[in-house]
Amino acid sequence: MAADQNDYEIEPGRGVTGLAFGESRRALRQRLGSPAPFRRSATSAELDDQYDELGLILSFDDRDVLGSIVLTAPARARLHGVGLLGEPVSRVVSTLAKNDVEFVADDGSWESDLGLALDCGGSTDPDSPVESVTVHESAAWSPEIELFFSTPEQQSDRTYVVTPGVGIPTVRLGESMSDVRARMGSGASWQPPFGPSRADSFWEEGVEVGYDADGAVSRIAVERPAQVLFEGMEIIGVPAGEIHAKLSGAGIPLISKEAEFVCSESGLRLLVARPGDDSLPVCGVIIE
């Protein structure tokens with residue numbers, strides 16, 4: 001780390017001072033200390049590590065290596081020596097433009113093709129201060145969301161029975177994006193920073209679908225308002241400790257991990273918002 005561990009110079013595509021993309025979660029925890037891990041959304045496949053005293057939120061890919069960094073106060077972030085956090089975004093953007101770094105406004109954030117995003121807490125006022133800076137490993141990553149519209153083939157009751165190795169009745173592993181959209185109806189699509197090459201969210205159904213590079217379903221995630229039935233048991237919203245006991249009692253092998261447990265023979269991951277409390281409910285289920 002730098003002499004001042006809260007002072008970070010951004011190196012696009014590489015990381016920030018003292019933190020390099022590609023470093024393992026384990027190595028960073030050994031160096032930085034114990035974080036406050038949390039799941040960014042109910043179906044986030046990986047946990048983020050938050051270090052409040054350092055002003056860091058670290059995100060990791062499915063190999064558990066560092067893939068993106070969020071800088072917030074009390075951190076001090078610079079790019080080409082230009083201070084970012086707490087400064088009016090219009091001043092930051094105009095100053096960096098002199099260094100050939102261009103940002104494009106997008107509904108309360110400003111994005112750069114260097115893999116950087118400036119966030120002003122949702123404000124679109126150009127005089128708003130920058131509240132956080134996100135640095136992504138890949139400059140090709142884009143947060144742009146595309147909406148698509150179609151009429152679903154049938155209305156779902158939002159209760160999905162999992163068939164191991166297959167998926168759920170409305171979405172099957174390996175099928176095409178066009179088939180999924182025709183069956184599920186309208187949603188939103190984006191490019192995740194890690195994991196699937198593309199993802200569709202059918203928010204009214206509580207289903208998120210990830211696709212591989214060939215456009216085939218590689219991951220199905222389910223959250224509220226939906227419910228998942230597995231081995232005749234309701235999963236989402238039930239305390240994790242209770243579900244673990246029931247599945248283990250039914251002879252289903254489980255692997256306990258941080259804030260989740262895995263039914264490896266069934267390809268299911270049962271997610272909890274944060275580790276260390278078995279009374280927390282299962283918030284999401286991933287089928288791979």
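Any read-out appearing in this document is the output of simple, stated calculations on the displayed coordinates, not a laboratory observation. If you're wondering where the values come from, they're calculated on a predicted model, not measured in any experiment. Because the Cβ atoms are built from the backbone with ideal geometry, glycine has one as well, and the counts that use them run over all protein chains shown.
Quick look at the values:
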read-out	value
Difference of contour (0.36 nm per residue) and Cα-Cα distance, ASP212 to THR163	15.6 nm
Separation in nanometres of the label points that stand 7 Å from Cα toward Cβ, at ASP125 and PHE38	2.5
Net lengthening on full extension, ILE145/GLU175 (0.36 nm per residue, minus Cα-Cα)	8.6 nm
Where labels lie 7 Å past Cα in the beta-carbon direction, separation of SER256 and GLU242 in nm	1.9
Simple Cβ-charge dipole of segment 1-150, Lys/Arg +1 and Asp/Glu -1, about Cα centre, in debye nearest 20	540
DSSP beta bridge pairing in the chain, given as percent antiparallel to the nearest 5	90
Mean residue ellipticity (222 nm) of the chain, computed from DSSP H runs ≥ 4 via -39,500 (n - 2.57), nearest 500	-3500 deg cm²/dmol
Magnitude of the charge dipole, the chain, Cβ model with Lys/Arg +1 and Asp/Glu -1, debye to 20	580
Net charge contributed by nearby residues that have their C-beta within less than 10 Å of GLY284 (K/R +1, D/E -1)	0
Cβ-defined net charge surrounding ALA250, 15 Å radius [Lys, Arg +1; Asp, Glu -1]	-3
Highest-fluctuation residue, SER256, SER176, SER218 considered, GNM on the chain with Cα pairs under 10 Å	SER256
Equivalent ellipsoid, segment 103-233 (semi-axes from 5 times Cα gyration tensor eigenvalues, Å)	33, 16, 14
